[in-house]
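The values are calculated or read from the model by the stated rules, or taken from the named source; none is laboratory data. As the structure is a prediction and not an experimental result, all values here were calculated from the model. Neighbour counts are summed over all protein chains in view; Cβ atoms, including those assigned to glycine, are modelled from backbone coordinates with ideal geometry. Surface accessibility is based on the protein's heavy atoms, side chains included, excluding ligands, DNA and RNA. Shrake-Rupley method; radii C 1.70, N 1.55, O 1.52, S 1.80 Å.
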Amino acid sequence: MNFTFRNPTEILFGKGMITEIGSRVPRAGTVLLLYGGGSIKHNGVYEQVRAALKPRRVVEFGGIEPNPHYETCLKVVELVKKEKVSFILAVGGGSVLDASKFIAAATCFRGRDPWDILRTSGENVKAALPLGTVLTLPATGSEANSSSVISRATTNEKLFFTSGHVFPVFSVLDPTATFSLPKKYIRNGIVDAFVHVMEQYMTRPSDAPLQDRLSESVLQTLVEVGPVTLARPRQYEPRATFMWSATLALNTLLGSGVPQDWGTHMIGHELTAFYGIDHAESLAVVMTGLWRYKMKAKRAKIEQYGRRVWNTRGTEAAIKKTEDFFKSLGMPTRLSAYNIDAEEAAGKISARFAERGSAFGEDGDINADAVFKILRKLK
Ligand code: NZQ
Ligand code: ZN
């Protein structure tokens, strides 16, 4: 096992912690306060953030969409340059945080076309503006990782980039800032976090018992606490446990030194790009279908997962438990729930994989052909 692990993001966790940004954001210069469609104006988060930022010079941009649009981000880059912004504070869910990372990198990008940042998955990012976050939706792990996913509305593309330059300097995780979330987004968050763990766990045995146990404990915690926080949305402890679980699911610790898959995510991103379903909805449809396709390679881990997380024997029982868990949260696991034709989706998405020559998964075999076979079964 060989790996490097670096996570420089300072986590400020708990009720009332928004005030802490007052001592973290530089006093000199101009801060960009970036947010989404306005949820922070209805739950008291906006007022807390503005109070904590005093007396700094602040410019605002509201209107980052879910699955943040490239086109919108470029408008913000213009604003950042015009206003000479020196620090970005992203307040919202994964979409606002991801947008802030892209804006931070694109502002400093010296290349010809900022889309190249996404086309090269971030390889060419040499610098970025510093950024901090206030998270209002536990799900993506964006608050403590160096990834960002951006959608290009005009071409139905959804691509990610990763760069050590866009780790948030700090992230505030105040569970009470998430109390206003509609149930749909809590459900989405539980499933997204669950699948993040799986992408780093459900591969093949690799002599990494600690990583396995860490992953299994996050999965077990999500199974325990997910339904509780969904049913009692304003209860602090379960929400806090869920929030921290979602951060640990993708702060890159679980995946250190072990094979990783990410095939479910890459297929899921295309489903969102073509059909507009939510990120977590796409994952809940694809994941167990991908396991079935890779049954031979994944058998040992599926059995281990079933045994340790669900106390079941065999692969079918583990898959059924997983799908039943998603369904119990109100999350469908088939394309028909969204009126998406499986044959059509299989054709479109495998064509895109073929065009790009994409291949993901721990064995690099989730390619165009595999995508076609996986998706057409998910009716
Ligand atoms: O825009 P506002 O008005 O804030 O409303 C948002 C949005 O409509 C609302 N919301 C957020 N916090 C709220 C709230 N509503 C009420 N109360 C609150 N406290 O929730 C809606 C969805 O928000 P969004 O940020 O889109 O959701 P999520 O956090 O699930 O982010 C999804 C995006 O993250 C990407 C996804 O692909 C997708 O684009 N991902 C990013 C990852 C990363 N950076 O590591 C990894 C993930 O796998 C994922 O791909
Ligand atoms: Zn995800």
Both in Å, the radius of gyration and Dmax of the C-alpha trace of the chain are 20.1, 61
For E157, the residues 5 or more places away or on another chain with a placed amide H closer than 5 Å to its own amide H are R152
1/(1 + (r/R0)^6) with r = Cβ-Cβ of C108 and K15, R0 = 35 Å, i.e. FRET efficiency to nearest 0.05, evaluates to 0.50
Sorted by accessible surface (1.4 Å probe, heavy atoms of the protein chains only), largest first, R6, R187 come out as R6, R187
For the chain, the percent of accessible surface on carbon and sulfur atoms (probe 1.4 angstrom, ligands and nucleic acids excluded) is 53 percent
Computed over segment 10-176, the distribution of all Cα-Cα distances in 5 Å bins, rounded to whole %, is 2, 10, 20, 24, 22, 13, 7, 2, 0
Rounded to the nearest 10 Å², the accessible area of S328 using a 1.4 Å probe with every protein chain kept is 80 Å²
Taking a crude spin-label model, label points 7 Å out from Cα along the C-beta direction, the K54 to T162 distance in nm is 4.2 nm
Under Stokes-Einstein, segment 182-339 at 10 °C and 1.306 mPa s, with its Kirkwood radius over C-alpha pairs, diffuses with a coefficient in µm²/s of 101 µm²/s
From highest to lowest solvent-accessible area (probe 1.4 Å; ligands, DNA and RNA excluded), C108, C73 read C108, C73
Quick calc, R334 & E224: beta-carbon distance into FRET formula, R0 30 Å, rounding 0.05, result 0.70
The ³J(HN,Hα) series, computed from each phi in segment 280-291 with the Karplus coefficients 6.51, -1.76 and 1.60 at θ = phi - 60°, rounded to the nearest Hz and given as x for glycine or proline, is 5, 4, 5, 5, 5, 6, 7, 4, 6, x, 5, 4
Heavy-atom accessible area per residue of the chain, all protein chains kept, 1.4 Å probe, expressed in Å², is 40 Å²
Each label sits 7 Å from Cα toward the beta-carbon; between R356 and S217 the label points are separated, in nm, by 3.5 nm
quick note, the chain, DSSP beta bridge pairs, % antiparallel (nearest 5) is 20 percent
Of the listed pairs K41/K84; K301/K321; K158/K327; K101/K126; K183/K379, those with alpha carbons more than 18 Å apart are K41/K84; K158/K327; K183/K379
From highest to lowest solvent-accessible area (probe 1.4 Å; ligands, DNA and RNA excluded), M331, M1 read M1, M331
Under 20 Å by backbone N from the virtual spin label 7 Å along Cα-to-Cβ at F179, the residues of segment 215-234 are 226-234
With a Förster distance of 35 angstrom and the Cβ-Cβ distance between E78 and R232, calculated FRET efficiency to the nearest 0.05 equals 0.20
Residue span D207 to R152: 0.36 nm per residue of separation minus Cα-Cα distance leaves a gain in nm of 15.8 nm
